[in-house]
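Please read the structure below before turning to the comments.
The values are calculated or read from the model by the stated rules, or taken from the named source; none is laboratory data. Small disclaimer: the values here were computed from a predicted structure and weren't measured. For neighbour counting, all protein chains shown are included, and Cβ atoms are generated from backbone atoms with ideal geometry for every residue, glycine included.
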Amino acid sequence: MKIKGLLFGLFACAALAACTNDDIVENNGKGEQEKVKANLTLVIGAATNSSRAAGDAENGDDINTGTVAESAVSDAVVVLSPQFEGGAEVVSVLNKSQLNQETVAGATVYMPNIKVTTSGEYKVLVVLNPTSGIKTIANGASIAKYNEIAEYVYNYDGTGINELIGTLEDPRFMMVNQREASVNVQSNNSEDPTTLEVAVERVAAKITFVPSSLTIGQTEYSNRYALQVNTAEKVIAETREGYYVASNGQAYHITGLNKATASGKTIWIWNGTRAFEDTGKEYSDTDLLIYNEIEMPADNAFEYEYKTTDGEQTWYVQLDKYALTNLSNATYAARRIANAEFTSTQTFGLLDNTFRYIMDPNTIAKNNNVSGDYFYNKAADVEKAKVDNVSGDAGENPFFADLPTAAESNTLGTCLTYCLENSIKVESQNPQSVTGIVFRGQICNAEGIPMGTIYKKDNNFYTDKEQLYAVYGRDVTDYETYEKGKCYYYSKGIEHSSTDTYMKNVIMRNNIYVLKVKSFKEIGSATITIPDGTEDTDKNFYLKLTSTILPWQVRFNNIEF
């Protein structure tokens, strides 16, 4: 649906010739123009944003026509609001056949014909794929439908059907004109109607993910990244296997016997819970020794024998799940913009040197730190939520979903969600207000095999608690535990623009935000850690997003840990 230069040159002549002397009727010879029935043709196409001097908040890194479903149109509401005294609004609820779909210069446009009973100047509001609420207004008794629809707020709490998101079979991506449109409808010649070009944009935004780290020989992306960690581990000097003969005479093969010393004598500890000594005798037909069980010494009555392997090792983190945070629950039907102080607002129009911000229905409240439910997955809820035995993984967070491993395209990746605008002034763009994302990672080896529970203290990592005890003693308590080797990374806001002073970490309609992880620097947090906005307590736990951004405008976000 991309239209270069508005692609409407073929209508220029019609527009210039739309008003002729024959179209004007003299009223009783008094020289006054009489208001007459007139004809209007709209040429509706996709919005393309023009560049401007103040930053690039309206301009992404590229443009994308979107999927067929994202561009499909089923019906429309068109409202003409008279700008002359005594005029009445003209409201048209049009089905797809009445929209007169055409292809102009390779782009899809819609060209409905509308008749007005009174000629004159009108403001024009176009809504493609209107929601049920907008249709109710259009079919209602109100005499000010233009303003009602322009001010209409759509609410979505994250459950059930989102009326702004459709499919090819059920087109529902609502689109509204981007700028205020007006036209002087004068032609009463149906063969030569007045023509107006109207550019529309999708009300929803889109967040996608591009998988990376393709393993050699594999067809799916692993999302697995290598990083260097300080292990500072003391490895057991010797580990054996052998046979233990129980009191009933039954022999059992045992492995993982770790060498230790108690009262100056060598013993062998199994799983930190049972102690053995070797008999010096081999089990029949093997070269493995027989071991007798002895009383397990107290924790402070034995020491493992270690060999030190302190230093840097290569570990891996494989991202497997994600949870988006702070997805808005409300948006205006028509775009709303505001100045830097939010003392002046305007419906319709591009951002410029006067109007710096896009607005959502809750922006003012968020700016003023008024508490309220503005999101259907608040960062605080994602951070704290845990349930047991979800998908067989105890402690699983219900907000998390599987991270894509197969890219739908090299550029856009896989759609994570469609969402509503989320905007707030730049000084208040903190993690509790902006839309962000949490990734869950699995600490593993190069083949992706999980390493199990990991322990961390003083930025050193241990794969066994006994190794932690060997360094700090058994009374140590101030260490982190990565249960099952799970770690978490939070992005400090999905970036809309790195160069615009105001629209940095916002979500804006008709934009695609493409997330891609570039690299890791550290293993993430052992728990979901989202700062409260006052201070970044540990930057290693957050994602660094750099924006490279599709009408659809696309915002590419390269993520570094």
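Could you check, for segment 294-304, whether at least one of its residues is part of a strand (DSSP E or B), in contact with a strand residue (DSSP E or B) (Cβ under 9 Å, 6 or more places away or on another chain) and among the aliphatic types (A, V, I, L, M)? Yes, there is a match, as at least one residue in segment 294-304 is part of a strand (DSSP E or B), in contact with a strand residue (DSSP E or B) (Cβ under 9 Å, 6 or more places away or on another chain) and among the aliphatic types (A, V, I, L, M). Of the residues examined, Gly217 is one that is loosely packed, with under 15 Cβ neighbours inside 10 Å, within 48 Å of the chain's Cα centre (by Cα), at pLDDT below 90 and not aliphatic (A, V, I, L, M). Can Glu197 be described as among the acidic types (Asp, Glu) and touching a strand residue (DSSP E or B) at 6+ places or on another chain (Cβ under 6 Å)? Yes, satisfied.
Would you confirm whether or not segment 131-150 contains a residue that is touching a Gly at 6+ places or on another chain (Cβ under 7 Å) and not charged (D, E, K, R)? So far as segment 131-150 goes, no, none of its residues is touching a Gly at 6+ places or on another chain (Cβ under 7 Å) and not charged (D, E, K, R). In segment 302-318, the count of residues that are at pLDDT below 90, closer than 30 Å to Gly448 by Cβ and of a type in the set (Lys, Arg) is one or more.
Looking across segment 515-561 at every residue that is surrounded by fewer than 18 Cβ atoms within 10 Å (Cβ to Cβ), part of a loop (DSSP other than H, G, I, E, B) and not β-branched (Val, Ile, Thr), the one that is modelled with the highest pLDDT is identified as Glu522.
Elements of the type strands (runs of 3 or more DSSP E) sitting completely within segment 109-208 and holding at least 1 residues that are among the basic types (Lys, Arg) and more than 23 Å from the chain's Cα centre (by Cα): these cover 113-116, 120-128.
Take the conditions part of a strand (DSSP E or B), in the same structural domain as Thr527 (by TED's automatic domain parsing) and farther than 30 Å from Gly66 by Cβ and apply them to Ile437. Does it pass? Against the criterion (part of a strand (DSSP E or B), in the same structural domain as Thr527 (by TED's automatic domain parsing) and farther than 30 Å from Gly66 by Cβ), Ile437 does not qualify. Among residues belonging to segment 333-355 that are buried (at least 19 other Cβ atoms within 10 Å of the Cβ) and in contact with a Lys or Arg (Cβ under 9 Å, 6 or more places away or on another chain), point out the one that is nearest to Thr414 (Cα to Cα). Per the criteria, the residue is Arg335.
Going through (1) surrounded by 23 or more Cβ atoms within 10 Å (Cβ to Cβ); (2) charged (D, E, K, R); (3) in contact with a helix residue (DSSP H, G or I) (Cβ under 9 Å, 6 or more places away or on another chain) one by one, Glu495 falls short only on (3). Can you tell me which residues in segment 446-479 are charged (D, E, K, R), buried (at least 18 other Cβ atoms within 10 Å of the Cβ) and assigned to a strand (DSSP E or B)? Correct list: Lys456 only. The one condition from (1) at pLDDT 85 or above; (2) more than 30 Å from Thr345 (Cα to Cα) that Ala365 does not meet is (2). Leu164: buried (at least 20 other Cβ atoms within 10 Å of the Cβ), over 21 Å from Pro82 (Cβ atoms) and touching a strand residue (DSSP E or B) at 6+ places or on another chain (Cβ under 8 Å), yes or no? So Leu164 fits the description; yes. Is it true that Thr314 is within 30 Å of Tyr490 (Cβ to Cβ), out of contact with any His (no Cβ under 7 Å at 6 or more places or on another chain) and assigned to a strand (DSSP E or B)? Yes, satisfied.
In this structure, does Val78 turn out to be modelled with pLDDT of 95 or more, touching a Leu at 6+ places or on another chain (Cβ under 8 Å) and not in a helix (DSSP H, G or I)? Yes.
Looking across segment 229-247 at every residue that is aliphatic (A, V, I, L, M) and assigned to a loop (DSSP other than H, G, I, E, B), the one that is modelled with the lowest pLDDT is identified as Ala232. Close Cβ contacts (under 6 Å, 6 or more residues apart or on different chains) running from residues in segment 198-213 that are closer than 24 Å to Asn155 by Cα to residues that are in a loop (DSSP other than H, G, I, E, B) and among the charged types (D, E, K, R) comprise Val203/Arg509; Ala205/Arg509.
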